[in-house]
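A short write-up of the structure that comes next.
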């Protein structure tokens, strides 16, 4: 097992210190993607309760997304423990503070923590005209529960296959999008009427996914702007409108591969793809296997 005393940031300059609990495994990997912007992916399991500590330097806004499990956290030596639970997000500010984490016995935990320096946060708020709740230093506040879109964006950030400057640029953009859609969304939620509308549009797409729908047409049918429709779709289904359409096209193509003798080109055009090569590339990316190989395995 990897002892949590060996957890590290990618620059290897700052480390967590295990205070107690020997039978513990996991990792905390931190990566800087832009000036004053970093993210941490944390996974951990403890056979018995364990506590570790890390000293965070500077004035930092910590945006926490709990993907799985639960653990205790406190910032500063005199603050109280706060239990952070899976499917929720939290925000707290630190200034040259110790951050303590307490793992519960037999509990696996996974989290993504986005850290912005005071300068980076101020710049983001000035550029976007958004606001974010400012609380007392070291006070950990629950912000909201996860939407499917929140989980989707966290997954993109931690599983990105991009490397180098391109990778940092892409992940930085995803981080900003995630923060804008959660902590800086001015408390926007999807009401029941808008949710029903999104579900009706989804059912409409499912019925005839091969049709070349435009975002303008779908938004007009929904009686809302395309911007609002895109936001609601991400909140309700966790993916964009166009990703939803592509998935439904591929589901229909899968049915044709299984139930008909149509060739690959016929299936591609029958499901609304512009070419057989585009269809094959999309099918392979979504299903993990080329369509011809998929048919052979039936």
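Does anyone have the angle between helix 276-287 and the longest principal axis of the chain? Alpha-carbon axes, 0 to 90°, nearest 10? So the inclination is approximately 40 degrees. Here the relative contact order of segment 4-181, from alpha carbon pairs under 8 Å that lie six or more residues apart, stands at 22 percent.
When the Gaussian network model of the chain links Cα atoms closer than 10 Å, the mean-square fluctuations of 260, 208, 197 top out at 260. Full extension of the segment from residue 47 to residue 193, taken as 0.36 nm per residue of separation minus the current Cα-Cα distance, would add 48.0 nm.
The modelled label-to-label distance between residue 59 and residue 95, using points 7 Å beyond Cα along the C-beta direction, is 0.6 nm. Name the most mobile residue of 165, 67, 215, meaning the one with the largest mean-square fluctuation, in a Gaussian network model of the chain with Cα contacts below 10 Å. Its mean-square fluctuation being the largest, the pick is 165. In the chain, the DSSP-assigned H stretches of four residues or longer account for a calculated mean residue ellipticity at 222 nm of -12500 deg cm²/dmol, using -39500 (n - 2.57) per stretch and the full residue count as denominator.
Between residue 88 and residue 134, what is 0.36 nm times their sequence separation minus the Cα-Cα distance? Round to one decimal in nm. Provide the component values of the computation, followed by the final result.
On the way: separation 46, 0.36 × 46 = 16.56 nm, distance 1.84 nm.
Between residue 88 and residue 134, full extension yields 14.7 nm more.
If the chain were replaced by its equivalent ellipsoid, with semi-axes equal to the square roots of 5 times the Cα gyration tensor eigenvalues, what would those be, largest first, whole Å? Ellipsoid half-lengths, sorted descending, are 41, 24, 17 Å.
Hydrodynamic radius of segment 4-181 by the Kirkwood approach over all distinct alpha-carbon pairs: 16.5 Å.
Provide, for q = 0.16, 0.23, 0.26, 0.27 Å⁻¹, the log10 of I(q)/I(0) from a solvent-free Debye sum over equal Cα point scatterers in segment 77-161. Debye intensities relative to I(0), on a log10 scale: -0.84, -1.45, -1.47, -1.46. Any chance you could give the angle, 0 to 90 degrees and rounded to 10, that helix 118-128 forms with the longest Cα principal axis of the chain? With both axes taken from Cα atoms, the answer is about 30 degrees. Sorted fewest first by neighbouring Cβ atoms within 10 angstrom, 204, 244 come out as 204, 244. Pair-distance distribution of segment 192-296: all C-alpha pairs, bin width 10 Å, starting at 0; shares per bin in whole percent are 15, 44, 27, 13, 1.
Tell me, what is the percent relative contact order of segment 192-296, built from C-alpha pairs under 8 Å that lie six or more residues apart? Display every interim value, and only then the final one.
Working: 83 pairs, mean separation 24.9, N = 105.
In percent, rounded to a whole number, it is 24.
When the chain is treated as a Gaussian network with alpha carbon springs shorter than 10 Å, the biggest mean-square fluctuation among 180, 224, 153 belongs to 224.
Explain nothing, just the number: relative contact order of the chain, from Cα pairs under 8 Å at least 6 residues apart, as a whole percent.
Working: 536 pairs, mean separation 39.2, N = 298.
It rounds to 13 percent for the chain.
Values quoted throughout were computed directly from the atomic coordinates according to the rules given, and no laboratory measurement underlies them. The structure displayed is predicted, hence computed values, not measured ones. Note that each Cβ is placed from the backbone with ideal geometry, even for glycine, and that neighbours are counted across all protein chains shown.
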